[in-house]
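See below for the structure under consideration.
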Amino acid sequence: MQIQTKNLVLRDFSIQDLPLYTALRSHPDFQVYYGDDDVAPEKSAFLLQLFIQQSQENPRQKFQLAICGKDGVLMGSCGIRLEAAGQASMGFELGVPWQHAGRAREAAQAMLDFAFRELQVQRVYAETLAENRGATSVCQSLGMQRADVDMASRFFKDRKWQAVLFEIHVQDFMLLAKDGPALAG
């Protein structure tokens, strides 16, 4: 599977991506919002194998794609996972060198478009940590609203982190897309 945007190619992972995927997840600044176990090299290898396995399922329910530049360099991942009827969860991660340049937003917008137009979902939600301003900013820039639900906090790195949930419904996405460049990649 492959999705092209103005600056990116989103594609299925391959085993050849493992060294770069592990390296981008090993950067200390990348690890701020993850527990030590979640960014260990073994976890990166496990996730990559999982993404490859999911890409081969039929019918496919999970679409975690590699975010690559037009030059083919692996920058991170972005995905849509079909959940309950008409709903999907979304997640994205981007290596430190490519953060703050609109690449996570561009990839996430393409995945939202895929979810609503191709998979026909009615609602997409994303869970993140309230302190993760990069992720919350991307969600808000996509037109996602913070859901009014109490999320369980998480404890790692010797502190408690508050989780938040963002969501967008198909009608809101289509309205934003119709209104023009607000969601343009």
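Over the chain, DSSP H runs of length four or greater, each weighted -39,500 (n - 2.57), average out per residue to a 222 nm ellipticity of -8500 deg cm²/dmol. Residues in the chain average 52 Å² of solvent-accessible surface per residue, probe 1.4 Å, ligands and nucleic acids excluded.
Which FRET efficiency value, to the nearest 0.05, do you get for E42 and E83 by plugging their Cβ-Cβ distance into 1/(1 + (r/R0)^6) with R0 = 35 Å? The computed FRET efficiency comes out at 0.85.
Can you say what percent of the DSSP beta bridges in the chain, counting only those with both residues inside, are antiparallel? Round to 5. Provide the component values of the computation, followed by the final result.
On the way: 34 of 37 bridges.
Just about 90 percent of them are antiparallel.
Taking only protein heavy atoms and a 1.4 Å probe, the accessible area of the chain is 50% carbon and sulfur. Across L20, L65, L74, mean-square fluctuation computed from a Gaussian network of the chain (C-alpha pairs under 10 Å connected) peaks at L20. Available extension along the chain between Q31 and D113 is 26.7 nm, counting 0.36 nm per residue and deducting the alpha carbon span.
At q = 0.14, 0.15, 0.19 Å⁻¹ the log10 of I(q)/I(0) for the stretch 1-124 amounts to -0.58, -0.67, -1.07, computed by Debye summation with a single uniform scatterer per C-alpha, solvent ignored. Measuring gaps between exposed loop sites in the chain (trypsin sites (Lys or Arg not before Pro); DSSP loop; at most 13 other Cβ atoms within 10 Å), the longest gap, sites not included, is 71-156.
The values are calculated or read from the model by the stated rules, or taken from the named source; none is laboratory data. What you are looking at is a predicted structure, and each value in this text was computed from that prediction instead of being measured. Positions of Cβ are generated from backbone atoms using ideal geometry, with glycine treated the same way; all protein chains shown enter the neighbour counts. Only protein heavy atoms, including side chains, enter the accessible area calculation; ligands, DNA and RNA are left aside. Shrake-Rupley method; radii C 1.70, N 1.55, O 1.52, S 1.80 Å.
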